[in-house]
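Let me begin by presenting the structure, written as structure tokens, before commenting on it.
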Amino acid sequence: MSDVKPFVLDFDLVSGFCTSGKVKPTQRRVSDMVAQFANETAARAMVEGGDPLLYEFYGLDLPEDDSGVLQFGTTILYPGKVGEEYFMTKGHFHTILDTSEIYYGLSGHGMMLMETPEGQVDWKEIGPGEALYVPGRWAHRSINTGTEPLVMFFVYRGDAGHDYGTIEEKGYRKLVVERDGKPAVIDNPKW
Ligand code: M6P
Ligand code: ZN
């Protein structure tokens, strides 16, 4: 068991930020994810045009080898599109595949796109006051389908780990794009 002492952290309910500055978020920009977007040409043009920030998330300095630890924080995913595809997180499986994760919507609106290694796919909308359970074995990617930042609080087993391998190579089986001003889930042509 790790020797972590009890502690309190502040996360703003609307912005998602730790306003006291006790912890700092990690940022991912379009340049970190060019190959993850269906329209790589549009992604490269956005990198040239200033490389916008897609999202930021907190990861706490907790032991990563202890199944008793819970990792938690907020994800702040900005609104926008690359081509017709909404801003999204990279997405990942957990290295310990059967570990789950819980998200709680604080502000903004979006979707969680999920799939299993066997090819089951699912997606759920998430908004303020809604708790979303991502079961073990399901890769998960957050997508901002709204016009405000999508802010969610998350918790997962601290030793779960992040496995990006298959997703970085092939992406997800589905894409979430804007069609006629509304979100639509379509097949990923790269699959
Ligand atoms: C959430 C959690 C984290 C994850 C982060 C960024 O905050 O699921 O585990 O690291 O989103 O997502 P990704 O690792 O897919 O970039
Ligand atoms: Zn996760």
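The values are calculated or read from the model by the stated rules, or taken from the named source; none is laboratory data. What you see is a predicted model, and the numbers here were worked out from it, not measured in a lab. All Cβ positions, even for glycine, are placed from backbone atoms using ideal geometry, and neighbour counts span all protein chains on display. Please note that ligands, DNA and RNA were not included when accessible areas were found on the heavy atoms of the full protein model with its side chains. Shrake-Rupley method; radii C 1.70, N 1.55, O 1.52, S 1.80 Å.
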- Query: If you check GLU130 against the conditions, is it surrounded by fewer than 20 Cβ atoms within 10 Å (Cβ to Cβ) and acidic (Asp, Glu)?
  - Reply: yes
- Is there a residue in segment 83-92 that is charged (D, E, K, R), surrounded by fewer than 19 Cβ atoms within 10 Å (Cβ to Cβ) and not in a loop (DSSP other than H, G, I, E, B)? no
- Message: Taking the criterion of being assigned to a helix (DSSP H, G or I), buried (at least 19 other Cβ atoms within 10 Å of the Cβ) and away from ligand 1 (no atom under 13 Å from the Cβ), would at least one residue in segment 45-53 satisfy it?
- Response: yes
- Item | Among residues of segment 55-82, those that are within 14 Å of ligand 2 (Cβ to nearest atom) and open to solvent by 20 Å² or more (accessible area, probe 1.4 Å), counted | 5
- Message: For segment 16-36, check the following and say yes or no: at least one residue is within 16 Å of ligand 1 (Cβ to nearest atom), of a type in the set (Ser, Thr, Tyr) and touching a residue at least 24 places away in the same chain (Cβ under 8 Å).
- Response: yes
- Can you give me the number of residues within segment 169-191 that are without any contact (Cβ under 8 Å) to a residue 60 or more places away in the chain and not in a helix (DSSP H, G or I)? 8
- Item | Complete set of residues in segment 139-153 that are open to solvent by 10 Å² or more (accessible area, probe 1.4 Å) and within 13 Å of ligand 1 (Cβ to nearest atom) | PHE153
